[in-house]
Amino acid sequence: MSASLPSLAETIARHGLAARKSLGQHFLLDAALCARIASIAAPLEGRHVLEVGPGPGGLTRALLESPAAGVVAVELDHRAIAAQEELAAAYPGRLRVVEGDALRIDAEALLPAPRRIVANLPYNVGTPLLIGWLRQAHLFESMTLMFQQEVAERIVAAPDTEHYGRLAVLAQWRCQCRMTLRLPPGAFSPPPKVWSAIVHLVPHAEAPDPALMAALERVTAAAFGQRRKMLRSSLKALGGAEALLGEAGLDGTRRAETLSVAEFDRLARRVLARG
Ligand code: SAM
């Protein structure tokens, strides 16, 4: 760690970074834990890392201590920018700080390939950020992301289990997803109300047609929008539900939560073929 850096507690005090709920701020102050999270994203040699929401910079420091080629940190909270600039000065040429909303960035323009994402996400926008990254997953080698545990469980869930739904289908269709680390509320300052968990996502090598992903989004929205109903009823919104299910070789009396990711893929391909 660079000798000239203040402790994270000093950084927070000096820059007035009292945590704001509206920005989903729960900071990680334990350097060993931050290093462990960075190591889940390994190998980082020669990789360009996108960090969303660096805040006071605990995880950013761990990423800068890793062999990553560089870090681009996107932060919405103006108060944290000066703290990040201090960090950038301590690691010349390795950290670029971008003030803005991560929901609106163009990752391809912001950092060169090979890219990895590592972030302790703001919980209020974790799911929309993930869906956006899944739509352009070909840009990233991996994503190592901290969510509320309940969201992490929804990402890795298997069919016919409590947490299985649209998020599991979209994430697993596009990536191999693994929950790697669970953290109690006390690991954060201030502590959130619930446990958190890291999901490590590795996109499948083959990048699908964006139109197929769009079809899958429509199918899963219809199917899980009425998850207790039989598919022949819940898919009516797509038009020609019975024919669609027949073409995909699926029994219309089944419910969405019983379908595997491969079966949703078959449905999406039929929807796309119909135009
Ligand atoms: N990475 C830090 C850590 O682990 O201690 C902070 C993590 S905190 C859970 C989430 C961070 O995301 C905060 O710094 C917050 O200001 C920032 N944030 C919230 N919404 C954001 C958005 N839409 N775009 C970029 N950053 C955002």
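Values quoted throughout were computed directly from the atomic coordinates according to the rules given, and no laboratory measurement underlies them. As the structure is a computational prediction, the values presented were derived from the model and not from experiment. Here the Cβ is made from the backbone with ideal geometry for all residues, glycine too, and neighbour counts use every protein chain on show.
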Query - Antiparallel %, DSSP beta bridges [both residues in the chain], to 5 - result: 50 percent
Query - FRET efficiency, 1/(1 + (r/R0)^6) with R0 25 Å, evaluated for Ala243 and Ile131 via beta carbons - result: 0.30
Query raised in the report: How much FRET efficiency would the formula 1/(1 + (r/R0)^6) give for Ser233 and Asn124, where r is the Cβ-Cβ distance and R0 is 22 Å, rounded to 0.05?
Result: 0.10
Report task. Find the centroid of the Cα atoms in segment 55-98 and in segment 178-224, then give the distance between the two in whole Å. Result -> 24 Å
Query raised in the report: Just how large is the dipole of segment 210-274 about the Cα centre, in debye to the nearest 20, putting +1 at every Lys and Arg Cβ and -1 at every Asp and Glu Cβ?
Result: 200 debye
Query raised in the report: Going 7 Å from the Cα of His138 toward and past its Cβ, which residues in segment 159-198 have a backbone nitrogen under 16 Å from where you end up?
Result: 174-175
Report summary line: Along segment 8-14, Karplus-curve 3J(HN,Hα) (6.51, -1.76, 1.60; θ = phi - 60°) to the nearest Hz, with x for Gly and Pro, reads 5, 4, 5, 4, 5, 5, 5
Query raised in the report: What FRET efficiency, computed as 1/(1 + (r/R0)^6) with R0 = 30 Å and r the Cβ-Cβ distance, is obtained for Glu108 and Ala42, rounded to the nearest 0.05?
Result: 0.85
Requested in this report: Compute the label zone of Ala273 within segment 232-247: residues whose backbone N is under 17 Å from the point 7 Å along Cα-to-Cβ.
Outcome: 239-247
Requested in this report: Have a look at Val194, Val202, Val72 and tell me which one the Gaussian network model of the chain (Cα, springs below 10 Å) gives the largest fluctuation.
Outcome: Val194
Report summary line: Under the helix-only model (-39500 (n - 2.57) for each DSSP H run of 4 or more, divided by the residues of the chain), the mean residue ellipticity at 222 nm, to 500 deg cm²/dmol, is -11500 deg cm²/dmol
Query raised in the report: Given C-alpha coordinates of the chain, what is the ratio Rg to Rh with the Kirkwood estimate of Rh?
Result: 1.03
**Report entry** Loop-exposed GluC sites (Glu not before Pro) per DSSP, neighbour cap 16 Cβ within 10 angstrom, longest uninterrupted part of the chain
**Finding:** 1-161
**Report entry** Candidates per trypsin sites (Lys or Arg not before Pro) in segment 194-262, loop by DSSP, up to 12 other Cβ within 10 Å
**Finding:** Arg228
Query raised in the report: What percent does the relative contact order of the chain come to when contacts are Cα pairs within less than 8 Å and at least six residues apart?
Result: 15 percent
Query - Length added when fully stretched, Leu29-Thr258, from 0.36 nm per residue minus Cα-Cα - result: 78.3 nm
